[in-house]
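The numbers here are math on the coordinates, done by the rules we state, and not lab data. What you are looking at is a predicted structure, and each value in this text was computed from that prediction instead of being measured. All Cβ positions, even for glycine, are placed from backbone atoms using ideal geometry, and neighbour counts span all protein chains on display.
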Amino acid sequence: MQTTKKDIRALTREQLRDFFISRGDKAFRGNQVYEWLWIKSAHSFEEMTNLSLETREMLEANFVINHIRVDQMQRSSDGTIKNAVRLHDGLVVESVLIPTPTRTTACVSSQVGCSLDCKFCATARLKRMRNLNPDEIYDQVVAIDNESRLYFDRPLSNIVFMGMGEPLMNYNNVLKAIEKITSKEGLGMSPRRITVSTSGVPKMIRKLADDQVKFKLAVSLHSAIDEVRTAIMPFNEHFPLQELRDALQHWYDKTKSRITYEYVVWKGINDRPEDVKALVQFCRFAPSKVNLIEYNPIGDEHFKQADFSAIEMYKKTLESNGITVTVRRSRGKDIDAACGQLANKQA
Ligand code: SAH
């Protein structure tokens with residue numbers, strides 16, 4: 001009978017030490033294995049050369065290392081890199097490395113597919129298959145950190161949870177991954193360089209605030225009018241803007257951390273003066289800034305990037321109301337790596 005081996009990376013350092021003690025071995029072996037797994041990113045027990053062959057074979061007999069594998073790497077003409085990441089069960093997610101002159105940002109996935117149904121997003125067309133576990137999230141970051149060192153001669157500087165999936169629907173695993181990313185035993189990154197983006201799940205935003213997290217929060221708002229938002233993000237019907245707003249207020253009260261609103265302006269959908277007015281109102285109750293994102297077409301006639309004049313209207317109105325606004329150009333469009341384009345086309 002085949003016994004199912006345990007995923008060794010689900011064990012804490014303490015548990016690894018206990019495992020060796022329980023076998024009559026030294027606790028420090030647990031530290032050695034932990035370092036191989038988390039500092040040296042070992043993909044196999046074979047690599048753990050400071051352990052005896054016997055110990056390596058014993059580990060092999062008891063555990064697996066469910067490491068991700070970067071199946072395919074595509075490079076955009078603008079330097080953006082997209083990784084197709086194969087998971088141990090054969091499913092695929094994507095992550096993106098976005099370089100600027102001063103930064104390297106990793107855009108990572110939190111779920112295989114997505115359970116939400118934003119009409120303008122390619123990932124929403126995939127069924128949500130499962131949540132990623134903490135290691136699978138962490139591994140994506142490590143893979144991009146390695147690519148950044150290799151191709152840009154510098155370590156990864158920022159992380160955004162803006163890949164596939166809704167991070168707050170995979171709350172515990174996302175938080176565990178961030179814990180590892182920020183811990184000295186992982187990558188030691190500052191939480192201030194990490195942004196979690198949500199389409200706006202009020203209950204989970206409150207939980208983030210109560211858990212006193214130190215990373216930044218971005219909300220994919222796209223409209224501050226319920227009717228409009230529900231038409232393009234149907235789950236808004238269950239979490240209306242008032243609830244979102246209350247949750248965000250709570251977030252700000254607890255964390256004092258400014259919220260970023262991501263916002264695409266579409267022709268005939270949210271390009272009227274009243275749309276801008278509603279956004280200005282929405283931005284008033286907690287310190288925030290607005291990122292106007294360029295729309296990346298996903299083959300739906302209904303959605304078209306708004307005219308330049310509409311973007312200008314948004315920018316001017318927000319600025320004259322004292323709200324910081326940035327207009328973000330898309331990166332990696334030629335390899336389907338831009339916002340909303342992640343859909344495993346190659347898989
Ligand atoms: N589910 C989370 C994380 C995904 S982030 C969230 O919604 O925030 C991906 C970002 O890209 C979101 O802001 C999303 O609204 C935006 N987006 C989705 N489809 C897009 C498209 N076709 N063009 C531009 N932005 C898009």
MRE, 222 nm, helices only [DSSP H, n ≥ 4, -39500 (n - 2.57), over the chain, to nearest 500]: -10500 deg cm²/dmol
Cut-off under 5 Å, modelled amide H: who pairs with T104 long-range: S157, N158
DSSP bridge orientation in region 191-319 - percent antiparallel, rounded to nearest 5: 5
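With Rg and the Kirkwood Rh both taken from Cα atoms, where does Rg over Rh land for the chain?
That ratio is 1.01, to two decimals.
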Placed amide H near Q72: partners under 5 Å, 5+ positions off or other chain: A84
Phi-based couplings in Hz for region 313-320 (Karplus 6.51, -1.76, 1.60; Gly and Pro marked x): 4, 4, 4, 5, 5, 4, 5, 5
Where GluC sites (Glu not before Pro) in DSSP loops with at most 14 other Cβ within 10 Å are excluded, longest remaining stretch of the chain: 48-184
Dipole moment magnitude, nearest 20 debye, region 192-347 about Cα centre, only Lys, Arg, Asp, Glu C-beta charged: 840
Most mobile of Q15, Q140, Q249 in a GNM of the chain (Cα contacts under 10 Å): Q15
Packing-based order for 65-73, 198-206, using average beta carbon neighbours within 10 Å, highest first: 198-206, 65-73
Separation in nanometres of the label points that stand 7 Å from Cα toward Cβ, at D117 and T4: 3.2
Values of log10 I(q)/I(0), in the order q = 0.10, 0.14, 0.15 Å⁻¹, for region 113-220 under a Debye, Cα-only, solvent-free model: -0.29, -0.58, -0.66
Neighbour net charge for S41 - beta-carbon separation under 11 angstrom, K R +1, D E -1: -3
Beta bridge orientation in region 69-335: antiparallel %, DSSP, nearest 5: 45
Per-residue ³J(HN,Hα) for region 288-296, Karplus 6.51 cos²θ - 1.76 cosθ + 1.60, θ = phi - 60°, Hz, x for Gly and Pro: 7, 9, 10, 9, 7, 9, 5, 7, 10
For a label point 7 Å along the Cα-to-beta-carbon line of R13, residues of region 182-199 with backbone N under 16 Å: 182-189
From phi via Karplus (6.51, -1.76, 1.60), per-residue ³J(HN,Hα) for region 163-169 in Hz, x at Gly/Pro: x, 6, x, 10, x, 6, 8
Pairwise centroid distance, computed over Cα atoms, of region 190-259 with region 317-334, Å: 19
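Over 19 Å between Cα atoms: which of K289/K315; K289/K316; K176/K254; K214/K277; K82/K315 fall into that group?
Pairs exceeding 19 Å: K176/K254; K214/K277; K82/K315.
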At R0 = 30 Å, FRET efficiency that the Cβ-Cβ distance of T326 and M73 yields, to 0.05: 0.55
